[in-house]
Amino acid sequence: MPPRPFSPGTQDEAFLRRALELAQENVAKGDGGPFGAVIVQDGRVIAEGWNKVIATHDPTAHAEIEAIRAACRQIQHFHLSGATLYASSEPCPLCLAAAYWAKVARIVYANDRNEAAAVGFCDDDLYQEFRLPPESRRIPCQHLNLKDASAPFEAWRKSPRKQNY
Ligand SMILES: [Zn+2]
């Protein structure tokens, strides 16, 4: 089934407005940047999140990550099947990757990456960085080919606790 297009005036708009409200509230609260997120499954909000990078000293405490973690705790599963992630701003690469790991069905956002960049959140820089070969990135990423490095993989492959995610 192709993804539903975003339609103003529908439930989509109401949920997206809630994400924006969380973003706005966070400016006064000061937990972090002006970002909010809401996760909806089966037509109801199962979790909300807002940026807590400053309050928690956690560079990964983005609104979408907070919302995904809360949603997964709520449903006690690591996949958010059929869920929609509403974000006040276009998800950064960290949050986009998290949305893929969580297997959300759809993402709807309000402000785009250029609008976020205009107030100092330059996600586009990261998108460009990841396109570079690992050795050319600002943070050098080196592959050391150790002989026994695959031992944990071998153990996982044989483990009765293995779950595919
Ligand atoms: Zn993010």
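Below are the figures for this structure:
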| read-out | value |
| --- | --- |
| Out of Leu144, Leu126, sole residue that is within 16 Å of the ligand (Cβ to nearest atom) and surrounded by fewer than 17 Cβ atoms within 10 Å (Cβ to Cβ) | Leu126 |
| Among residues of the range 69-115, those that are assigned to a loop (DSSP other than H, G, I, E, B), of a type outside the set (A, V, I, L, M) and in contact with a strand residue (DSSP E or B) (Cβ under 9 Å, 6 or more places away or on another chain), counted | 5 |
| Leading residue by the ranking (surrounded by the most Cβ atoms within 10 Å (Cβ to Cβ)) among those in the range 84-119 that are over 23 Å from Asp58 (Cβ atoms) and either within 13 Å of the ligand (Cβ to nearest atom) or of a type in the set (A, V, I, L, M) (or both) | Val108 |
| Pair list, Cβ < 6 Å and 6+ apart or interchain, from the range 92-105 residues that are of a type in the set (S, T, N, Q) to residues that are within 13 Å of the ligand (Cβ to nearest atom) and assigned to a helix (DSSP H, G or I) | none |
| All positions within the range 61-80 that are among the hydrophobic types (A, V, I, L, M, F, W, C), in contact with a Cys (Cβ under 7 Å, 6 or more places away or on another chain) and closer than 24 Å to Gly30 by Cβ | Ile65 |
| Search result, residues across the range 26-80 that are under 13 Å from the mean Cα position of the chain (by Cα), farther than 16 Å from Lys103 by Cβ and away from the ligand (no atom under 13 Å from the Cβ) | Val38, Glu48, Ala70 |
| Some residue of the range 20-40 being in contact with a Gly (Cβ under 9 Å, 6 or more places away or on another chain) and part of a loop (DSSP other than H, G, I, E, B) | yes |
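Readers should treat all values here as calculations from the given coordinates under stated rules, not as data from a laboratory. In this text the structure is predicted, and so the values were computed from the model without any measurement. Backbone-built Cβ (ideal geometry, glycine too); neighbour counts: all protein chains shown.
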